[in-house]
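Novice: Handing you a structure now.
The values are calculated or read from the model by the stated rules, or taken from the named source; none is laboratory data. Since the structure is predicted, the reported quantities are computational estimates derived from the model, not experimental observations. Cβ placement follows ideal geometry from the backbone for every residue including glycine, while neighbour counts extend to all protein chains displayed. Surface accessibility is based on the protein's heavy atoms, side chains included, excluding ligands, DNA and RNA. Shrake-Rupley method; radii C 1.70, N 1.55, O 1.52, S 1.80 Å.
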Amino acid sequence: MAAPPPEAQSLWGEVFDAAGVDRRAAAPMVDADRDFPRTPDGLAGLLDQAGLTDVRCDTITWAHRTDPEAWWSGPANGVSKPGLVMETQPAAMISRIRAAYDELTARYRGPDGLLTLPTAALLVL
């Protein structure tokens, strides 16, 4: 993931913050000694440390289009880090999360009802 994270990657954090979710204990973090900056230089440096030399890393961007229910269903069913957070929440908090999700995704909904989420990734060449 690129740093700073684009909307598609930061949306769930915004949703959880708006709903008042404490996510510190729910999702494991990478140990500091194993972590690296999510930048082209940070990823290239990690690969260099692993013995992969002469690499170049670029940030690619695109608009991810998806149905809002599909984007909700992954975390709602325990998929990825947001899913780990949601699995630990009581039903009342899930309702608050859903309300925040509906409110915060409204700005990304097009006339066709689909979300258009700006996103990015680091690509190694």
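Novice: Looking at (1) hydroxyl-bearing (Ser, Thr, Tyr); (2) assigned to a helix (DSSP H, G or I); (3) closer than 18 Å to Pro5 by Cβ, which one does Thr61 not meet, given that it meets all the others?
Specialist: Among (1) hydroxyl-bearing (Ser, Thr, Tyr); (2) assigned to a helix (DSSP H, G or I); (3) closer than 18 Å to Pro5 by Cβ, Thr61 violates only (2).
Novice: Take Leu84 and decide whether it is assigned to a strand (DSSP E or B), at pLDDT below 95 and under 18 Å from the mean Cα position of the chain (by Cα).
Specialist: Working: assigned to a strand (DSSP E or B): no; at pLDDT below 95: yes; under 18 Å from the mean Cα position of the chain (by Cα): yes.
The answer is no for Leu84.
Novice: Let me ask something additional. Among the listed residues Arg65, Arg98, identify the single one that is open to solvent by less than 60 Å² (accessible area, probe 1.4 Å), of a type in the set (D, E, K, R) and closer than 21 Å to Leu117 by Cβ.
Specialist: Working: Arg65 fails: open to solvent by less than 60 Å² (accessible area, probe 1.4 Å).
Matching residue, one of Arg65, Arg98: Arg98.
Novice: Would you be able to say whether some residue in segment 11-20 is modelled with pLDDT under 85, charged (D, E, K, R) and open to solvent by 90 Å² or more (accessible area, probe 1.4 Å)?
Specialist: Here is the first cut: in segment 11-20, the ones modelled with pLDDT under 85 are none.
No, that holds for no residue.
Novice: Here's another thing I want to ask about it. Taking only segment 21-58 into account, find how many residues are more than 28 Å from Gly78 (Cα to Cα), assigned to a loop (DSSP other than H, G, I, E, B) and open to solvent by 100 Å² or more (accessible area, probe 1.4 Å). Break it down into steps so the answer makes sense when it comes.
Specialist: Within segment 21-58, the subset more than 28 Å from Gly78 (Cα to Cα) is 40-42, 44-58.
Restricting the remaining residues to those that are assigned to a loop (DSSP other than H, G, I, E, B) gives 50-56.
This time we only want the ones that are open to solvent by 100 Å² or more (accessible area, probe 1.4 Å), so: 54, 56.
Looking only at that region, the number is 2.
Novice: Can you pull out the residues in segment 101-125 that are part of a loop (DSSP other than H, G, I, E, B), open to solvent by less than 80 Å² (accessible area, probe 1.4 Å) and in contact with a strand residue (DSSP E or B) (Cβ under 9 Å, 6 or more places away or on another chain)?
Specialist: Of all residues in segment 101-125, those part of a loop (DSSP other than H, G, I, E, B) come to 110-114, 125.
Now narrow it down to the ones that are open to solvent by less than 80 Å² (accessible area, probe 1.4 Å): 110, 113-114.
Scanning segment 101-125 gives Gly110, Leu114.
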